Amino acid sequence: MKRIMTALPLLLAPSVALAHPGHGYGLEAGFLHPFTGTDHLLAMVGVGLWAAILGGRARWALPAGFLGAMALGGALAMNLGLGAAAQAVEPAIIASVILLGAVVALALRAPLAAALPLVGLFGLAHGAAHGVEMVGNGLVFGAAMLTATALLHGAGLALGLALNGRIARALGGATAVAGLALAFA
């Protein structure tokens, strides 16, 4: 807990919270991309944490739903030229961080039928934002990015299963606060 509280100011620093430009292209850039933006990193881990809280089928359904929707959002944005519309998803991305943090902090046990569409909507927004920014071979970049995203979901799931409920909820609260800081940065 002490380490979390020590790292919290770094997460809240506006320079760290800014969107991460310079996506590059190819396998390496796609894989590293989810680790380079606070908003994406927090949301991806948050999906895994919430999946751990919900348990059962949610452990695989929430990450899989996010990944599928993210792939769809990226493909639509890349192929339909939604550049201007993608800027409109930025509030949804910030909302994903805040809401995922809040549901983890509250240990919200929503039914899968409610949790999955919400996570899918967030995945669609994250995918659309990335789809318009991709350069080069979008398929290679996107596949690598989805792989890294899945690993972050897995890390959140593992944390949620390994930590006691109070610490996991504290992580959720810190995520929500970081999301609010991102909204006002």
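Each reported figure results from applying straightforward, stated rules to the coordinates on display, with no laboratory input. A quick note: this is a predicted structure, and the numbers were derived from the prediction, not measured. Don't worry about glycine lacking a Cβ; one is built from the backbone with ideal geometry, like all the others, and counts go over all protein chains shown.
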Which number comes out as Rg/Rh for region 36-170 once both Rg and the Kirkwood Rh are worked out on C-alpha atoms?
0.98
Rounded to one decimal in nm, the spacing of the 7 Å Cα→Cβ label points at Glu90 and Leu139 is 3.2
Counting every C-alpha pair in region 96-172, the percent lying more than 21 Å apart is 38
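Run the numbers on region 72-185 and let me know its relative contact order in percent, using alpha-carbon pairs under 8 Å that are six or more apart. Provide the component values of the computation, followed by the final result.
On the way: 107 pairs, mean separation 57.1, N = 114.
For region 72-185, the relative contact order is 50 percent.
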Put a dot 7 Å past each Cα toward the Cβ at Tyr25 and Leu159; how far apart are the dots in nm?
3.3
Could you tell me the calculated FRET efficiency between Leu112 and Thr36, based on Cβ-Cβ distance and R0 = 30 angstrom, to the nearest 0.05?
0.45
Testing the spin-label approximation: label points 7 Å from Cα along Cα→Cβ at Asn79 and Thr147. State their distance in nm.
2.2
Exposure proxy check: Trp50, Trp60 ranked by fewest other beta carbons within 10 Å?
Trp60, Trp50
Please list log₁₀ I(q)/I(0) at q = 0.19 Å⁻¹ for region 134-179, using the Debye equation with identical point scatterers on the alpha-carbon positions.
-0.70
Which whole-angstrom value gives the distance between the alpha carbon centres of region 31-66 and region 89-114?
11
